[in-house]
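The values are calculated or read from the model by the stated rules, or taken from the named source; none is laboratory data. Note that the structure is a prediction, hence the values are computed from the model and not measured. Neighbour counts run over all protein chains shown; Cβ positions are idealised from the backbone, glycine included.
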There are 2 protein chains.
Amino acid sequence: MNFLKFILVLFVIYIDSISFAQEPQELKDKYVLVIHGGAGTISKSTLTPELEKEYKDALKEALKCGQNILDTGGLAITAVEAAVKYMEDSPLFNAGKGSVFNHEGYNEMDACIMNGKDLTCGAVAGVTNLKNPIEGARLVKDSSKYVFLYGDGAQEFCLSKGAAYADSSYFFTDFRWKQYQKALEKDTIILDHDTTSLNYNYKALEELEKFGTVGAVALDRYGNLAAATSTGGLTNKEFNRIGDSPIVGAGTYASNRSCAVSCTGKGEFFIRETVARDIAARMEFGNQDLTESGEKTMARLEKKGGSGGFISVDKRGNYIMMFNTKGMYRGVVTNDKKTSVKIY
Amino acid sequence: MNFLKFILVLFVIYIDSISFAQEPQELKDKYVLVIHGGAGTISKSTLTPELEKEYKDALKEALKCGQNILDTGGLAITAVEAAVKYMEDSPLFNAGKGSVFNHEGYNEMDACIMNGKDLTCGAVAGVTNLKNPIEGARLVKDSSKYVFLYGDGAQEFCLSKGAAYADSSYFFTDFRWKQYQKALEKDTIILDHDTTSLNYNYKALEELEKFGTVGAVALDRYGNLAAATSTGGLTNKEFNRIGDSPIVGAGTYASNRSCAVSCTGKGEFFIRETVARDIAARMEFGNQDLTESGEKTMARLEKKGGSGGFISVDKRGNYIMMFNTKGMYRGVVTNDKKTSVKIY
């Protein structure tokens, strides 16, 4: 019996060594981190030079957070979480602290994270008091038997696993409050005077709010891909609506077989077109390269009236940052240490 | 100005006639409807002959509901809703009326419907008092600007649009209550005596509950595809967990470009593997046929430890009913009027 056990143990060690050998063990040089801070009707005329600098600085800092991890041999999944967390902590982006006010004055935030290595993923939607929704998504992924949790239940689980709690007051920022007040004020003034401008401004406001999402995709030095997306949701979001950000295959997707994707845009269109999975599926099943996959997916989205953007990096380190809106807060850093951030 | 209007109207009529001409106008003969009532550890030993007959009769009736629509030139989307609705109204399946009791004694039901013609879709999750969650999903699809609504908000919206309300008592069925009681009773007895059997029975029960899902896919006589899925959720479901059923691309998907899919199984695996979209994407981007797509998707799912099944019909009327469990309640009817229902 002991001999049998010994043989079994040897066998297990052998099997283990095979699967171990399949892992890319040695650290390659190449790594890539791409981030976005939302797309929409962002133009030179809507941003002051000071605010533009603030955004760019924040994007650079977010890239640095993820780069530090990748550079020292950390995992893609850790890097995308760190980059998204930084943007969640900034009042500039519609995610985490910077989440826009909804009609009732609180936020329903969504987030999702996915590991391309094994397709494990975690998502939360409709959470109101998690300081970092992306941390919640990571906890669902790592510490639960579930993939997708909602609202109070999601929060209860995440807090029980050590997620940071934040009071509603934490999500109050002067910046967002003024923006909200201005929006209300504008509405009233325009409502009284000009319906044409009303429609125009309504649309602009709606777009700005809808596209408020942050995301990150990365290729680490082991060849692993990962993606993370987080959003503060819609202003005036009704009926506990869930958007594309927390949905695997819609706003977020990662697979080492193809690429990692994070989207921002009108969520409903991204769900119908399974945008994130489509970009990856075109590569995986149709042998299209990343640029072709991205362009064709964008063309379909646009044909249906969908607008927004996405970032993606593939297993070879190619990356794309595509959008059909006026602007998208975005940035990239690779192992050559060159950081590039853009808005328009 | 009036002349300009006249020209514009002519132009609109012209454009309309073009898109009209592109629609397959003439009624073809061919139509297909495939349904499932869940997969799991269903074996001859767990079903009495009487219960087996009840299940088969219910499947036949559900098929008839959808067939009547398809036969008379109705749309695939109408047929799948009708078939799923019938199964929701039956106490036999874990969806609608037959939903299993959860730990607190109420249900959180999920449903999704998708039209392959234009990729429009609607989904609800965590609803407790909609008589037919699939009707709710259809209303979200047709009457809201959203795709995916949760819980109270979803219910508020659906009821405001005329969805049928059902009191919690409606979902009380002797059948399910006894099953639930038996489960509790068994647990206690086994807990006191034998941990091996406990694990076994726990697993069997868990599987049966997890796989309780109903679904339908159809090809109509215009060449349109559609899919619908509805589930009564998990017993003891915690933390407002959302499964794969209401997620476009995971448990439900339809596109006229490829096929319509409805899944049943351990939801988390189906989300990670984007099962429904993958079956369709292999056809669409990889030129695989439906059987190959199904088999390869199933192989991947199985490799990760996922179990369950799916039904699918493609644009040519080919269909598959695949599962890696002991059984799956399933049935098919085509324009030759032959109905086939199977369990094991």
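Rundown of residues vs (1) within 14 Å of chain B (Cβ to nearest Cβ); (2) modelled with pLDDT of 95 or more; (3) closer than 30 Å to A:Glu26 by Cβ, yes/no style:
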position: A:Leu139; (1), (2), (3): yes, yes, no
position: A:Leu149; (1), (2), (3): yes, yes, no
position: A:Phe175; (1), (2), (3): no, no, no
position: A:Leu191; (1), (2), (3): no, no, no
position: A:Leu198; (1), (2), (3): no, no, no
position: A:Val214; (1), (2), (3): no, yes, no
position: A:Ala218; (1), (2), (3): no, yes, yes
position: A:Glu238; (1), (2), (3): yes, no, no
position: A:Arg241; (1), (2), (3): yes, no, no
Does the range B:297-315 contain any residue that is within 10 Å of chain A (Cβ to nearest Cβ), of a type in the set (Gly, Ala, Ser) and within 18 Å of A:Phe148 (Cβ to Cβ)? no
Where residues in the range A:258-296 are of a type in the set (A, V, I, L, M, F, W, C) and touching a residue at least 40 places away in the same chain (Cβ under 8 Å), which of them is nearest to the other protein chains (Cβ to nearest Cβ)? A:Ala276
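Determine whether the range B:104-112 contains at least one residue that is surrounded by 24 or more Cβ atoms within 10 Å (Cβ to Cβ), within 13 Å of another protein chain (Cβ to nearest Cβ) and closer than 10 Å to B:Pro246 by Cα.
Filtering the range B:104-112 down to residues surrounded by 24 or more Cβ atoms within 10 Å (Cβ to Cβ) leaves B:107-112.
Checking which are within 13 Å of another protein chain (Cβ to nearest Cβ) leaves us with B:108, B:110, B:112.
From what's left, closer than 10 Å to B:Pro246 by Cα: B:110, B:112.
Among the residues of the range B:104-112, at least one is surrounded by 24 or more Cβ atoms within 10 Å (Cβ to Cβ), within 13 Å of another protein chain (Cβ to nearest Cβ) and closer than 10 Å to B:Pro246 by Cα, which makes the answer yes.
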Could you check the range A:128-146 and list, in sequence order, the residues that are polar (S, T, N, Q) and either closer than 19 Å to A:Val100 by Cβ or crowded, with 21+ Cβ neighbours inside 10 Å (or both)? A:Thr128, A:Asn129, A:Asn132
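Within the group A:Ile247, A:Ile311, which residue is in contact (Cβ under 8 Å) with a residue 60 or more places away in the chain, more than 19 Å from B:Arg277 (Cα to Cα) and aliphatic (A, V, I, L, M)?
Values: A:Ile247 fails: more than 19 Å from B:Arg277 (Cα to Cα).
The conditions single out A:Ile311.
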Filter the range A:220-254 down to the residues that are touching a Ser or Thr at 6+ places or on another chain (Cβ under 9 Å), of a type in the set (Ser, Thr, Tyr) and closer than 18 Å to A:Tyr319 by Cβ and list them by number. A:Thr229, A:Thr252, A:Tyr253
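Residue by residue, here is whether (1) under 14 Å from the mean Cα position of the chain (by Cα); (2) within 30 Å of A:Thr72 (Cβ to Cβ) holds:
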| site | (1), (2) |
| --- | --- |
| A:Val214 | yes, yes |
| A:Asp220 | no, yes |
| A:Gly223 | no, yes |
| A:Ser230 | yes, yes |
| A:Asp244 | yes, no |
| A:Ala250 | yes, no |
| A:Ser262 | yes, yes |
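Scan the range B:52-63 for residues that are in contact (Cβ under 8 Å) with a residue 12 or more places away in the chain and over 13 Å from the mean Cα position of the chain (by Cα) and jot them down.
So the first thing to find is which residues in the range B:52-63 are in contact (Cβ under 8 Å) with a residue 12 or more places away in the chain, and the list is B:52, B:54-56, B:58-63.
Passing the criteria: B:Glu52, B:Glu54, B:Tyr55, B:Lys56, B:Ala58, B:Leu59, B:Lys60, B:Glu61, B:Leu63.
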What's the number of the condition A:Lys326 fails, among (1) at pLDDT below 95; (2) crowded, with 22+ Cβ neighbours inside 10 Å? (2)
Restricting the range B:151-163 to residues that are surrounded by fewer than 20 Cβ atoms within 10 Å (Cβ to Cβ) and at pLDDT 95 or above, which is nearest to the other protein chains (Cβ to nearest Cβ)? B:Glu156
